[in-house]
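The structure appears below as structure tokens.
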Amino acid sequence: MDKTSNLRRRRRRSIRGRQRQGTIIVLAALLMVFLIGVLAFTIDVGYLCMARSQAQNCADAAALAAALEMSSSDNLKMDITERTNAAIRKALECAALQDINHSIVNSTDEQSPNVIESVTFGRLENTDNPDEAISFVDPNNPNVVVVSVTCDASRGTAIPLFFARIFGQDTSRTTVSAVAAFSTDRTTGFDKPDDETPCTLMPFVISEDDWKDFLLYGGEDNWSYDPETKTVSAGSDGIPELTIYPESTNEGTGMIAPGNFGTVNIGEYTSNSAARLGDQIVNGPSAADMAVYDGILRLDEVTNNFELVGAANLELNADPGISASIEQALGEVVGHPKSIMLYSDVVGNGDNAWFTISGFAGIRVVDFKLTGALKNKFVLIQPAMVQDSSAIADGDIQTSDFVGQPVHLVR
């Protein structure tokens with residue numbers, strides 16, 4: 001009896017064991033299907049994330065390329081429509097070079113597919129404010145470019161999927177955008193320069209009225225700048241020139257004020273000399289020069305309230321040290337993008353003169369002569385786009401022409 005019972009118990013345990021094994025096999029099979037599904041989902045999601053990242057890189061690069069084109073000095077001889085069209089072409093060219101065109105998109109075209117959906121131009125009053133809505137009200141005064149990139153089937157740029165095909169979805173789409181700033185009209189001053197990127201500001205001033213008249217009516221065009229070789233040569237390039245020294249003021253004497261021709265001290269005004277002037281022409285104001293202004297040379301430094309005073313102003317002492325000895329310095333900067341200052345008023349004589357600085361302008365020196373009779377001396381410039389990493393743009397009125405921070409992504 002005991003042997004029979006034991007045999008039955010062993011048989012029941014064997015049957016239950018086989019049942020448990022069968023259940024485990026079924027559960028394992030179901031779990032494998034689930035894990036394979038999760039893995040497939042993860043692979044497709046990861047691929048989509050990579051595609052979106054590449055699309056964003058494409059939008060960023062295209063926006064920066066368009067902004068750089070808008071900041072090109074060649075655009076000074078174009079109207080706004082020509083400038084924006086050139087920038088759009090540059091954005092498309094840049095997008096065609098991005099990896100997204102071949103490694104991600106599902107296109108059979110021999111040519112790079114068009115992933116750019118739109119390139120638009122707008123304005124931000126404060127490019128550092130991520131919450132400000134971009135305004136498209138004034139198409140003639142943009143300071144940002146918005147590039148939208150879309151990958152989808154209708155454009156022949158859909159993102160192919162792998163395991164999602166099991167569920168009938170062969171491709172996916174994504175849309176991203178980038179915003180790049182190229183503002184040149186809100187520069188209010190310059191920060192302390194670093195060793196690698198010296199400040200572009202030169203110690204030259206010119207009357208804001210003369211500058212405005214020049215922009216409005218132009219001048220002779222006898223010099224040409226080649227952006228490829230970065231050299232200046234005789235000939236027309238569509239951008240007129242302006243003589244800033246001697247300026248035709250003070251009843252035709254060429255002097256802005258008696259004994260002064262339009263150079264100023266940046267920094268400690270008791271140490272004015274031609275050598276110091278020449279160094280600032282080539283290298284811009286040093287960190288030590290900027291230390292006099294607590295590290296920042298800014299318009300209306302005292303009140304820092306543009307709305308209250310109605311204009312932004314800064315007073316700088318005159319430096320009558322311009323002479324033939326700075327010709328070498330001028331020779332070193334010919335063709336280079338530089339910044340000069342605009343003044344609204346001047347009082348005093350010689351090195352006791354004080355200029356009320358009211359703005360900044362981007363220029364390049366194209367020719368000069370500082371020897372011989374006064375009537376034969378001159379410093380000749382033409383407008384130029386200047387990108388200066390030490391430039392400060394913290395006002396809400398126009399305080400500069402053609403001077404701004406390097407183009408950069410803001411969104």
**Request:** Find the residue count for region 320-363, including only residues that are in a loop (DSSP other than H, G, I, E, B) and out of contact with any Leu (no Cβ under 6 Å at 6 or more places or on another chain).
**Result:** 10
**Complete:** Here the residues within region 219-241 that are within 27 Å of the chain's Cα centre (by Cα), among the small types (Gly, Ala, Ser) and loosely packed, with under 15 Cβ neighbours inside 10 Å are 238
**Prompt:** Would it be correct to say that residue 109 is part of a loop (DSSP other than H, G, I, E, B), at pLDDT below 80 and either of a type in the set (D, E, K, R) or assigned by TED's automatic domain parsing to the domain that holds residue 237 (or both)?
**Reply:** yes
**Prompt:** Can you name the condition, by its number, that residue 216 falls short on among (1) assigned by TED's automatic domain parsing to the domain that holds residue 296; (2) touching a residue at least 12 places away in the same chain (Cβ under 8 Å); (3) over 22 Å from residue 387 (Cα atoms)?
**Reply:** (2)
**Prompt:** How many residues are within 14 Å of residue 204 (Cβ to Cβ) and touching a helix residue (DSSP H, G or I) at 6+ places or on another chain (Cβ under 7 Å) when one looks only at region 369-378?
**Reply:** 1
**Asked** Does residue 176 satisfy being closer than 28 Å to residue 84 by Cα, modelled with pLDDT of 85 or more and crowded, with 19+ Cβ neighbours inside 10 Å?
**Response** yes
**Request:** Select from region 61-98 the residues that are part of a helix (DSSP H, G or I), small (Gly, Ala, Ser) and touching a residue at least 40 places away in the same chain (Cβ under 8 Å) and list them in ascending order.
**Result:** 62, 63, 66, 67, 73, 87, 91, 95
**Fill in**
In region 365-380, residues that are surrounded by fewer than 24 Cβ atoms within 10 Å (Cβ to Cβ) and within 26 Å of residue 182 (Cα to Cα) total 1
**Message:** Restricting to region 295-314, name every residue that is within 24 Å of residue 273 (Cβ to Cβ) and modelled with pLDDT of 85 or more.
**Reply:** 295, 297
**Request:** Among what's in region 140-173 and is crowded, with 21+ Cβ neighbours inside 10 Å and part of a strand (DSSP E or B), pick the residue that is modelled with the lowest pLDDT.
**Result:** 159
**Message:** Every residue in region 364-411 that is among the aliphatic types (A, V, I, L, M) and in a loop (DSSP other than H, G, I, E, B), please.
**Reply:** 370, 373, 384, 385, 393, 397, 407, 410
**Message:** Can you say whether residue 64 is touching a Leu at 6+ places or on another chain (Cβ under 9 Å), more than 16 Å from residue 146 (Cβ to Cβ) and either buried (at least 20 other Cβ atoms within 10 Å of the Cβ) or not assigned by TED's automatic domain parsing to the domain that holds residue 230 (or both), as far as the supplied structure shows?
**Reply:** no
**Near pairs, Cβ below 6 angstrom, 6+ apart or cross-chain, from region 136-158 (more than 19 Å from residue 94 (Cβ to Cβ)) to any residue that is assigned to a helix (DSSP H, G or I) and aliphatic (A, V, I, L, M)** = 140/80
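The values are calculated or read from the model by the stated rules, or taken from the named source; none is laboratory data. Please read all numbers here as calculations on a predicted model, not as lab measurements. Using ideal geometry, Cβ is built from the backbone for each residue, glycine included, and neighbour counts are taken over all protein chains shown.
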